[in-house]
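Participant: Once you've had a glance at the structure underneath, I'll fire off some questions.
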Amino acid sequence: MKRILSILLATAMLLSLAACGSSGESDETEASSGADYAGQTLYGKVTAISGSSVTVQLGSVSEMELSADGMGGDMQMPDGEGGGNMEMPDGESGEAPEMPDGESGDAPEMPDGESGDAPEMSDGESGDAPEMPDGEGGSMEMPDGEGGAASMMSFTASEDSATFHLEEAQVLTSDGSEGSVSDIAVGDYLMLVVGDDNTVTSATLLSGVMEGSADGMGDMQTPGSEGGGFNGDSATVTQGTAATTLDADSDYEGETYTSTGDDENALRVDGATVTLTGITVDKSAGSSSDVESGDFYGMNAALLGTNGAQVTISGATITSSAQNGNGVFSYGTGTVVTISDSTITTTADNSGGIQTTGGGTTNAYNLTVETSGSSAAAIRSDRGGGTVNVDGGTYTTNGYNSPAVYSTATITVANALLTATNSEALVIEGQNSITLVDCDVSGNMSDTQGSSSSINVHNVMIYQSMSGDADVGTSSFSMTGGSLTAQNGDMFYITNTSAVVTLSDVTIINEDADGKLMVIAGNNASNGWGTAGANGAQVTLTADAQVLEGDITVDTISTLDMTLTNGSSFTGTVNIVENAEGGAAVENNAVITIDEGCTWTLTGDCTITSLTNNGTINFNGYTITLADGTVLS
């Protein structure tokens, strides 16, 4: 779902983007007034609409805290930090406002070390997102329990205005659905993504925006079109109700818990230490009014552990057929859900198997998990992340945008079968990780179905969505033993993030003859993943006692530092290719190191930056051209 709604609410990372505008008259287009907005993301308040043309007062956005009485609270900066971060009271994680779900995002902010013309941050440094308090980027701690302080967006107008033609732009409403210019009203706030040809490629209505003022107060403004679908304000932790709540320490055996109510858990364990043996939990009906609250906080889940609950489950049967009805949900710092020898089945969209957010912990042993909806990863995390440990079991997804594992957390899986029948197998977002030991993993991403298939078809994706659900930083993927199979597309696709990839003794099989081993590249920003031309990836790849086969491409705004060690072999090519969006090239695009006892066998000509060879290269009649013009053969 994050990929479906990926351009919404770029402000969640606490950007304070100074909108680069022209002070031309409001009845001029940006082109006729001479202003160049190419490659920028702008924010503005709509002041006039004429046909498909929209005039906006440009400005900047930042995030502010609202205290319980709705008044603007003081911003607390972490020691030594610059930029617009806020420190919230200790307690439940109540993250910045962000739009639905778990698979995508937005905002023109680049990961650490990113090159190119990223928007300048409020601390004067280009590229890196401001760090959040205590190292927790992209989320905020909320007071204990529900309610308390909430975070809103504050818009501060500049003196600049401009008129944009939207006849060719994609318009998204605040609930993430496709819209049109007719959905935009005077007084609405827009995020405008401008392409390289100085035309608007997307216009997104922003909800939960307050007009900034000197005293930090203002009126909240929501888009004129309410539309259908889900609400978009999840600044406050909202968990709905529960058919049954266990809030006292106790043991239960053989009980049945059901729910058909809207926004309702079948079973909630709230702050108690509870053991559940042989139970049945069925969330058979009940709609969700807010997909964010379902994804972030556990509203409408079949079973929710929250507020520091210690939940031990064994021999359970858990089913959910409600949309946004995750199977087992662990929310909040201090909450630990341990589940073993159980079956979890979900059938609707946005309904993962085991879901962990807000710093919670999930331990899973020998589970059988199957999901059938879209955006329904079997092992899933979202806003605020946490820790997930899985050992044994079978995890299967059948829907689009439903990887076996979607990580905005620290996720470790051992001795498990992970299968995505209509999606990539694995996704890591931002400064998070997946560690696999002796797992058999398979993915089968569609060429046409799924919101990111038009950008790249792949089996493992590592990226930064810019949604605010994951800290900006280095992603980590480690796999030891087992197998990794791609039925369609490239094996790895890495974009708009830094990543460390370590492979050791993994059987890697790509059943797609045209699929590459790895694509490291920027993207067109149509899903909001950074700024086109400045959203490449920086990858450190270590092959340890590993057999690799296939081609690797690195575009000119990205980097690869690849090492073959401990007897590894690589059969294939490495080539530097032009960034499709014409971004400024960076140095050291492809640096290759071959340790003693390792082998590189070429299957075609290669272009790389530099080579350190202490092993063996089988050229097979092909050449390696280095950045300094040296040709090796």
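The values are calculated or read from the model by the stated rules, or taken from the named source; none is laboratory data. Only a predicted model underlies this, so the values are computations on that prediction, with no experimental measurement involved. Cβ sites come from the backbone with ideal geometry, for glycine too, and all protein chains shown count toward neighbours. Protein only, heavy atoms only, side chains kept; ligands, DNA and RNA dropped before computing areas. Shrake-Rupley method; radii C 1.70, N 1.55, O 1.52, S 1.80 Å.
Participant: Using modelled amide H (1.01 Å from N, peptide plane; none on Pro or chain starts), what sits under 5 Å from the amide H of residue 313, excluding residues fewer than 5 places away?
Facilitator: Amide H neighbours of residue 313, under 5 Å, 5+ apart: 276, 338, 339, 340.
Participant: Calculate one ³J(HN,Hα) per residue across the range 267-276 by plugging θ = phi - 60° into the Karplus curve 6.51 cos²θ - 1.76 cosθ + 1.60, and present them in order as whole Hz with x for glycine and proline.
Facilitator: With the stated coefficients, the range 267-276 comes to 9, 10, 10, 10, x, 10, 9, 9, 10, 10 Hz.
Participant: Report the accessible area of residue 461, computed with a 1.4 Å probe over the heavy atoms of all protein chains in place, in Å² rounded to the nearest 10.
Facilitator: Near enough 0 Å² of accessible area.
Participant: Given axes a ≥ b ≥ c from the Cα gyration tensor, I'd like to know whether the range 450-509 is rounded (a/c under 1.5), prolate (a/b larger than b/c) or oblate.
Facilitator: Since a/c reaches 1.5 but b/c is at least a/b, the shape of the range 450-509 is classed as oblate.
Participant: In addition: Please compute the length gained on full extension between residue 198 and residue 341, using 0.36 nm multiplied by the number of residues separating them and subtracting their Cα-Cα distance.
Facilitator: Extending this stretch completely gives an extra 45.8 nm.
Participant: Going by the alpha-carbon gyration tensor, a ≥ b ≥ c the square roots of its eigenvalues, is the range 241-386 rounded (a/c under 1.5) or, if a/c is not under 1.5, prolate (a/b greater than b/c) versus oblate?
Facilitator: rounded
Participant: Determine ³J(HN,Hα), in whole Hz, for all residues of the range 355-363 in sequence, where each value follows from phi through the Karplus function 6.51 cos²θ - 1.76 cosθ + 1.60 and θ = phi - 60°; x replaces Gly and Pro.
Facilitator: Per-residue couplings from phi come out as 10, 9, 8, x, x, x, 10, 10, 10 Hz.
Participant: Determine the order of 555, 282 by accessible area, beginning with the largest, at a probe radius of 1.4 Å.
Facilitator: Most to least solvent-accessible, the answer reads 282, 555.
Participant: Apply the Karplus curve 6.51 cos²θ - 1.76 cosθ + 1.60, θ = phi - 60°, to the phi angles in the range 537-545 and return the couplings in whole Hz, x for Gly and Pro.
Facilitator: Rounded to whole hertz, the list is 10, 10, 10, 10, 10, 10, 9, 10, 6.
Participant: Between residue 260 and residue 368, how high is the FRET efficiency from 1/(1 + (r/R0)^6) when r is the Cβ-Cβ distance and R₀ = 25 Å? Nearest 0.05.
Facilitator: Working from the Cβ atoms, E equals 0.55.
Participant: OK, next. Enter the mean projected area of the convex hull around the alpha-carbon atoms of the range 300-349, in nm², rounded to one decimal.
Facilitator: For the range 300-349, the mean projected area of the Cα convex hull comes to 3.3 nm².
Participant: Please compute the net charge surrounding residue 556, taking Lys and Arg as +1 and Asp and Glu as -1 over other residues with Cβ under 13 Å from its Cβ.
Facilitator: -4
Participant: Under a plain spin-label model, where a point goes 7 Å from the Cα along Cα-to-Cβ, how far apart in nm are residue 412 and residue 627?
Facilitator: Using points 7 Å along Cα→Cβ, the separation is 3.7 nm.
Participant: For the residue pair residue 186 and residue 241, what label-to-label distance in nm results when each label sits 7 Å from Cα along the Cα-to-beta-carbon direction?
Facilitator: Reported label-point gap for residue 186 and residue 241 is 4.3 nm.
Participant: Something else: Under the rule a/c < 1.5 gives rounded, and otherwise a/b versus b/c splits prolate from oblate, where does the range 536-633 land using the Cα gyration tensor?
Facilitator: prolate
Participant: Note down the net charge around residue 171, summing +1 for each Lys or Arg and -1 for each Asp or Glu among other residues with Cβ under 10 Å from its Cβ.
Facilitator: Charge balance in the 10 Å sphere: -2.
Participant: Moving on. List every residue whose amide H lies under 5 Å from the amide H of residue 600, counting only residues 5 or more places away in sequence or on a different chain, with H placed 1.01 Å from N in the peptide plane.
Facilitator: Sorted by chain and number, the residues that satisfy this are 570, 616, 617, 618.
Participant: Taking all protein chains in place and a 1.4 Å probe, what share, in percent, of the accessible surface of the range 454-570 do carbon and sulfur account for?
Facilitator: 41 percent
Participant: Assuming R0 = 30 Å, what is the FRET efficiency of residue 619 and residue 584, from their Cβ-Cβ distance, to the nearest 0.05?
Facilitator: The computed FRET efficiency comes out at 0.40.
Participant: Next question, about the same structure. For residue 250 and residue 317, FRET efficiency with R0 = 22 Å and r from the beta-carbon atoms, rounded to 0.05?
Facilitator: Calculated value: 0.60.
Participant: Compare 611, 503 by solvent-accessible area with a 1.4 Å probe and give them largest first, with all protein chains kept in place.
Facilitator: 611, 503
Participant: Right, something else. Using amide H atoms built in the peptide plane, which far-off residues or other-chain residues are under 5 Å from residue 39 H to H?
Facilitator: 194, 195, 196, 198
Participant: Report residue 347's accessible area, 1.4 Å probe, all protein chains in place, as a number in Å² to the nearest 10.
Facilitator: 70 Å²
Participant: Quick one: accessible surface of residue 619, probe radius 1.4 Å, all protein chains present, in square angstrom to the nearest 10.
Facilitator: Per-residue accessible area (residue 619): approximately 40 Å².
Participant: How many nm is it between the label spots at residue 389 and residue 48, if each spot is 7 Å from the Cα in line with the beta carbon?
Facilitator: 6.4 nm
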